Amino acid sequence: MAPAAMTFASSLSDAQPVPFWLEDPGKPAALPALTGDERTDLLVVGGGYSGLWTALLAKERDPRRDVVLVEGREVGWAASGRNGGFCAASLTHGLANGLARWPDDLARLEELGARNLDAIEAAVARYGIDCDFERTGEIDVATEPYQLDELRALHEEAGRLGFGGLELLDRDAVRAEVDSPTFLGGLWDRQGVAMLHPARLAWGLKRACLDLGVRIYENTRALDLSPAGAGMAVRTSYGRVFARRIALGTNVFPSLVKRIRPYTVPVYDYALMTEPLSPAQREAIGWRNRQGLGDSANQFHYFRITADDRILWGGYDAVYPYGGKVTAEMDHRPETYLKLAGQFFACFPQLEGLRFTHAWGGAIDTCSRFSAFFGTAHGGKVAYAAGYTGLGVGATRFGGDVMLDLLDGERTERTELAMVRKKPLPFPPEPVAWAGIGLTKWSLARADARGGRRNLWLRTMDRLGLGFDS
């Protein structure tokens, strides 16, 4: 092993292979599993953000509605407790993706996204959820000249369309915010992103649901779905739930509506967490305004500073397992941790000697248009939302509202959106999916190395509205 690689490896020698957030001492005890039969107005399947927001909103809309939530493991154990804690207003995976896919609806989508983030902030305050919520915004940083050109063009387009709140930063301005020799400029969305502790948000939503009367069963896996009289039934390991309506918030896990499964694939994403920075290390990098950051490459990193002055550094590798299987073995990937450590010290050489305390991974539900899709099944008795592609911390609340609109048969400003009415293109079966995703990843890496120039494969994918991202 080369000396530099040995240095990076030594920074990982004490890293625990567990998600940092889930080790928090405030983690609540698991609730008992369902045994026997339950009957309810609304059954929510999934105890991540998607299911929790849906259950909470259902009770806020109608306190008399009886709501049950079942979760296969513990609330927040999967993506909701493993992510970077970026809570974005964007419902479209960023302004550029929204412009490319829904230009006619974009103004409404931006407005709805801003209202959704405000509502999340209000709910955190209303229910007393201690999740380190900070409305700091996010800076997209350029590390290559072509990326700076793209950020300038996006800033100009946003201004032309009347979308404010984006500030273009030159090299000196961005390094005055967060100092890295790799930063050439940035685009700061001051109001559209909050930073938070993701697991504490999930646990706080769990407590809020319980306080409103939602019955939550953990370690209760939903096995299958079938009609039952005027409603539906879900079979679990030790019982059944009979419900008038069902909302599916299973996201990366195989949907109980089998025809929906080809629309998502799991992508494994990985992250590192450092030890707390010393005052001298904080001074060396600045970061006084505590924004989230992401670089603008196709294979990108996301990074943020925590309440106790650690740095979370994640992204870059997006690993698709053949056949789309979600397995515990994929939650850890030492070769990716080593790669991320080297990239971290290339970004922040002034932090040489800093050590990582945690290293982990998890699966994200990705769809070909990078943002959630929605629909119903079984004559409108079942609703689903999936495909958030890494932006589910905030957008899942919007998805919960959409599912409730659909289940209630309401025509709203949300259900009229093209994003809600139309689905993305599905992924092909294996081995075509494996080959296509592999070729796409290779092409994206090549574009990063060639000044952003996209090859014929990527240009064809763009024309077809297909993509692959984490």
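The values are calculated or read from the model by the stated rules, or taken from the named source; none is laboratory data. Here the structure is a predicted model, which is why all the values come from computation and not from measurement. Note: ideal-geometry Cβ built from the backbone for every residue, glycine included; neighbour counts use all protein chains shown. In case anyone asks, the SASA skips ligands and DNA or RNA and just uses the protein heavy atoms, side chains included. Shrake-Rupley method; radii C 1.70, N 1.55, O 1.52, S 1.80 Å.
Key figures
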item	result
Count of residues meeting criterion [open to solvent by 60 Å² or more (accessible area, probe 1.4 Å), of a type outside the set (D, E, K, R) and within 27 Å of Ile311 (Cβ to Cβ)] in segment 156-175	1
Segment 73-83: number of residues that are open to solvent by 10 Å² or more (accessible area, probe 1.4 Å) and either among the β-branched types (Val, Ile, Thr) or touching a strand residue (DSSP E or B) at 6+ places or on another chain (Cβ under 7 Å) (or both)	3
Matching residues in segment 131-147 - criterion: being among the acidic types (Asp, Glu) and part of a loop (DSSP other than H, G, I, E, B)	Asp132, Glu144
Failed item, numbered, when Ser180 is tested on (1) of a type outside the set (Asp, Glu); (2) exposed (fewer than 15 other Cβ atoms within 10 Å of the Cβ); (3) not in a helix (DSSP H, G or I)	(2)
Residues (within 24 Å of Leu43 (Cβ to Cβ) and open to solvent by 50 Å² or more (accessible area, probe 1.4 Å)) located in segment 184-230	Arg207, Leu210, Asp211, Leu212, Arg215, Asn219, Arg221, Leu223, Asp224, Pro227, Gly229, Ala230
Whichever residue in segment 397-427 is touching a residue at least 60 places away in the same chain (Cβ under 8 Å) and surrounded by fewer than 14 Cβ atoms within 10 Å (Cβ to Cβ) and, among such residues, is farthest from Leu99 (Cα to Cα)	Glu413
Whichever residue in segment 231-252 is within 22 Å of Pro28 (Cβ to Cβ), open to solvent by 20 Å² or more (accessible area, probe 1.4 Å) and of a type outside the set (Gly, Ala, Ser) and, among such residues, is modelled with the lowest pLDDT	Asn251
Exclusive hit being closer than 30 Å to Leu69 by Cβ, without any contact (Cβ under 8 Å) to a residue 40 or more places away in the chain, among the aliphatic types (A, V, I, L, M) and out of contact with any helix residue (DSSP H, G or I) (no Cβ under 6 Å at 6 or more places or on another chain), set Leu210, Leu201, Leu169	Leu210
Test: Ile129 is under 19 Å from the mean Cα position of the chain (by Cα), under 28 Å from Ala55 (Cα atoms) and modelled with pLDDT of 95 or more	no
The lone exception for Ser255 - which of (1) in a loop (DSSP other than H, G, I, E, B); (2) open to solvent by less than 30 Å² (accessible area, probe 1.4 Å); (3) touching an Asp or Glu at 6+ places or on another chain (Cβ under 6 Å); (4) farther than 24 Å from Gly186 by Cα it fails	(3)
Selection count where residues are within 21 Å of Ile437 (Cα to Cα), charged (D, E, K, R) and either loosely packed, with under 13 Cβ neighbours inside 10 Å or at pLDDT 95 or above (or both), scope segment 308-330	2
Residue ID - farthest from Ala385 (Cα to Cα), chosen from residues in segment 20-41 that are surrounded by 20 or more Cβ atoms within 10 Å (Cβ to Cβ) and within 25 Å of the chain's Cα centre (by Cα)	Phe20
Residues within segment 90-105 that are of a type outside the set (Gly, Ala, Ser) and closer than 14 Å to Ala158 by Cα, tallied	4
Any strands (runs of 3 or more DSSP E) falling wholly within segment 185-226 and containing at least 2 residues that are within 21 Å of Arg61 (Cα to Cα)	215-217
Complete set of residues in segment 84-114 that are closer than 12 Å to Met419 by Cβ, open to solvent by less than 30 Å² (accessible area, probe 1.4 Å) and part of a helix (DSSP H, G or I)	Asn97, Gly98, Leu106, Leu109, Leu112, Gly113
Residue that is surrounded by the fewest Cβ atoms within 10 Å (Cβ to Cβ) [pool: residues in segment 363-385 that are under 11 Å from the mean Cα position of the chain (by Cα) and within 12 Å of Asn251 (Cβ to Cβ)]	Asp365
Conditions (1) in a loop (DSSP other than H, G, I, E, B); (2) within 28 Å of Phe86 (Cβ to Cβ); (3) touching a residue at least 24 places away in the same chain (Cβ under 8 Å); (4) not charged (D, E, K, R); number of the one not met by Leu52	(1)
Test result for Val124, open to solvent by less than 40 Å² (accessible area, probe 1.4 Å) and either without any contact (Cβ under 8 Å) to a residue 60 or more places away in the chain or farther than 30 Å from Tyr49 by Cβ (or both)	no
